[in-house]
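Here's the structure, in structure tokens; my notes come after.
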Amino acid sequence: RAGVVSRCQAVYRSATAREEAALAAASAREADAALRLLQDTSLGSLTMYVVPETSSLLPQGISVYVGRHRSALVRAGGGLAALRTRLQQLTQVMSFTSSSIAAALSDHVPDGQLGRDARRHLKSSLGYEITFSLLNPDPKSHTVDWDIEDAVNRYVQPVLDKLSLVANFSVDSQILYYAVLGVTPRFDKETSSFLLSAHSLPHVINPVEARLGSSAASLYPVLNFLLYVPERSHSPLYIQDKDGTPVSTNAFHSPRWGGIMVYNVEAPASPQASLPLHVDVDMVRVMEVFLAQLRLLFGLSREELPPEFLLESPGNEGLADWELDRLLWAHTVENIATVSTTLTSLAQLLDKIGNIVIKDDVASEVYQAVASAQRAMAELATGHLHSAFQASKKAVTSSERAFFDPSLLHLLYFPDDQKFAIYIPLFLPMAVPILLSLAKIVREARQRKKEPTKMD
């Protein structure tokens, strides 16, 4: 029964002298970098600069440029109505949309109200564990080396540093030998290669996940990124999409789980080459795929835009500042909804158990969760994104502490029917002779009433 209402507060002003100097740069990218030092850097804020229609700052045919930070350049022209339309479209691109909020609330609304991709994103969590796994099913034929530590430091860590506002991250890696996909690929005579069709990809996850063993002891969601080197008898191996065309990246991702990339090894030039073959993995190509899958898991995939829009690449950081704001909006709303669901479930549970005793620390956690959720909603209403997100995280932590408190858990598994099952064997042997004696007394009393009374 809840709803989300979005409002944008727009403030118009003239550019300052320093901003005018920045807008005189040679390219839009240079102007965006210079404007970052001059604009409001608070989370959730956007600064849009309207440049003259004749400005050479934007390329030909481009009317809107979205930078890496929290600013955009809009070309004037076509009147105020056209400019207002561009600004509204730009706000939808750089801020949260109804689809992103629906995806954030996907676990709290009926399926009929959601789109096809609403449940693809990761649920909001206080932390995530990222596991990179190298699967070598044929170590007798291939000796695979991958410099995963250097690749994580160069490509993954900048992204995680940017996402540190959202959650805590831990990264580990492993190499698994004799780990197969569990699905037999189909041989194609025309290309002399092996193919994995789209309908067989869902059957790949379960056999592989049984070998990973990373999610069993984890408190947080685990993101699995697997690099699979096909065995020599199934090389080369390619992935096909639903239309039967090969996937360019030779990889696929599973929503809320991770992704798998197939890394083919070139066949030796001579059939008498000694085995095992030494393989050095091109980590640049691999990390490009894994980072793209990481963006998909966090719901940072970019939507289709009008042709006159130009989006700047986020670079090594993996995501732009305004994309981080969108993620914080969505996670804040999701956290508030999670707190509401958790406290409602706890209240319904306590209503069913009449003789339960609520300890003071459990009650304190409940009060703190409610107060933090109310503060998060108030901060959201005023546009203070960072404080709202921090309050929502605190509310989630308090609500989960209250719901999973050890003093309540043992009462969840001790309902009234189990009380009868426990106490009846104890009291029944004592109650049987007592009941028989009472029955005898009742019978004797009835017989006395029936006997005629003697009169002298």
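Numbers for the structure displayed
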| item | result |
| --- | --- |
| Leu237 buried (at least 17 other Cβ atoms within 10 Å of the Cβ), farther than 30 Å from Glu323 by Cα and among the hydrophobic types (A, V, I, L, M, F, W, C) | yes |
| Residue check for Ser56: modelled with pLDDT under 85 and not assigned by the TED database to the domain that holds Glu379 | yes |
| Candidates Ser42, Ser27, filtered to the one that is open to solvent by 30 Å² or more (accessible area, probe 1.4 Å) and under 23 Å from Ala330 (Cβ atoms) | Ser42 |
| Qualifying residue in segment 278-290 (condition: open to solvent by 30 Å² or more (accessible area, probe 1.4 Å), over 30 Å from Arg29 (Cα atoms) and in contact (Cβ under 8 Å) with a residue 12 or more places away in the chain) | yes |
| Where Ser100 falls short, out of the listed (1) modelled with pLDDT of 85 or more; (2) part of a helix (DSSP H, G or I) | (1) |
| Scan of segment 148-160 for residues that are open to solvent by 20 Å² or more (accessible area, probe 1.4 Å), under 13 Å from Val286 (Cβ atoms) and in contact with a helix residue (DSSP H, G or I) (Cβ under 6 Å, 6 or more places away or on another chain), ordered by number | Tyr155 |
| Test result for Leu328, in contact with a helix residue (DSSP H, G or I) (Cβ under 6 Å, 6 or more places away or on another chain), open to solvent by less than 20 Å² (accessible area, probe 1.4 Å) and at pLDDT below 90 | no |
| Candidates Ala210, Ala198, filtered to the one that is under 30 Å from Ser106 (Cβ atoms) and open to solvent by 60 Å² or more (accessible area, probe 1.4 Å) | Ala210 |
| Leu380 closer than 22 Å to Gln92 by Cβ, touching a helix residue (DSSP H, G or I) at 6+ places or on another chain (Cβ under 6 Å) and surrounded by 18 or more Cβ atoms within 10 Å (Cβ to Cβ) | yes |
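The values are calculated or read from the model by the stated rules, or taken from the named source; none is laboratory data. Everything quoted here is computed from the prediction, not taken from an experiment. Virtual Cβ from ideal backbone geometry, glycine too; neighbours counted across all protein chains shown. Ligands, DNA and RNA are excluded from the accessible area calculation, which covers all protein heavy atoms including side chains. Shrake-Rupley method; radii C 1.70, N 1.55, O 1.52, S 1.80 Å.
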